[in-house]
Amino acid sequence: MKKIIYNITLVILAVTFLAVVSVIVTKRTNNQIKEKELTNAVSDIKIKIEENKSASVNANKKVETKYKGYDVAGIIKIPKINIEYPIIDKTTDATMALSITKFWGNNVNDVGNFTMAGHNYFDGTMFSSTNKLKIGDVIEMTDLDGYTIEYEVFDKYVTDPNDINCVKSVKENTREITLITCINGRSNRLIVKARQNI
């Protein structure tokens, strides 16, 4: 009887292990497919930004800049962790599943604090690697007029999920950005703050 229970336990453990591995592989594969889509989307958005430049000179008409039906606010690029994504103009569960999202603020590269949220998938995609950023690292923000501004990281900390003080500007009349992602199994938020590199 003990041997039968032992064998059943082994089978259950083996099936559970295979199921967990299958879920991890599927999620990683889906994230890699999403990464390719986002890379293509950034290329398309850059083309549309160039069209916007031409259109604004000729007819004061903006070309719509969208990703999967949602308005795009700009592009974020972080060379140190090798990411470049469109920033969707609003934060919802649906938009966060697609890309980085605008959480708070006016427009990309406006004076004030432009705050973004992104998932931590623990695989290097989205904001998974923002924990590797250090004071002095550079984040590039491109707005819909095609201007790219470099921001330098000046603060990084972990806080409670309900703490929204990070959306406030640290220094008035400056351009700041804030990156928010989950950490510690979603029980905390990692905040990375950067200011225009002048």
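Here are the numbers:
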| read-out | value |
| --- | --- |
| Most mobile listed residue (Ser43, Ser99, Ser187) in the chain, GNM with C-alpha springs under 10 Å | Ser187 |
| Top of Thr178, Thr125, Thr92 by mean-square fluctuation, Gaussian network on the chain, Cα under 10 Å | Thr92 |
| Mean-position separation - Cα centroids, region 136-161 and region 86-100, in angstrom | 17 Å |
| P(r) histogram, all alpha-carbon pairs of region 143-198 included - 10 Å bins from 0, percent | 22, 46, 25, 7 |
| Cross-link table Lys68/Lys134; Lys36/Lys168; Lys48/Lys156; Lys46/Lys193, entries beyond 30 Å C-alpha to C-alpha | Lys68/Lys134; Lys36/Lys168; Lys48/Lys156 |
| Helix-only CD estimate at 222 nm, as mean residue ellipticity for the chain, using -39500 (n - 2.57) per DSSP H run (n ≥ 4) | -11000 deg cm²/dmol |
| Inter-label distance, nm, simple model (7 Å from Cα along the C-beta direction), Phe122/Ile12 | 2.4 nm |
| Nearest-ten-degree value, helix 2-58 long axis tilted from longest Cα axis of the chain | 10 degrees |
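Read the figures in this text as sums done on the coordinates, not as results from a lab. These numbers come from a predicted model, not from an experiment. Note: ideal-geometry Cβ built from the backbone for every residue, glycine included; neighbour counts use all protein chains shown.
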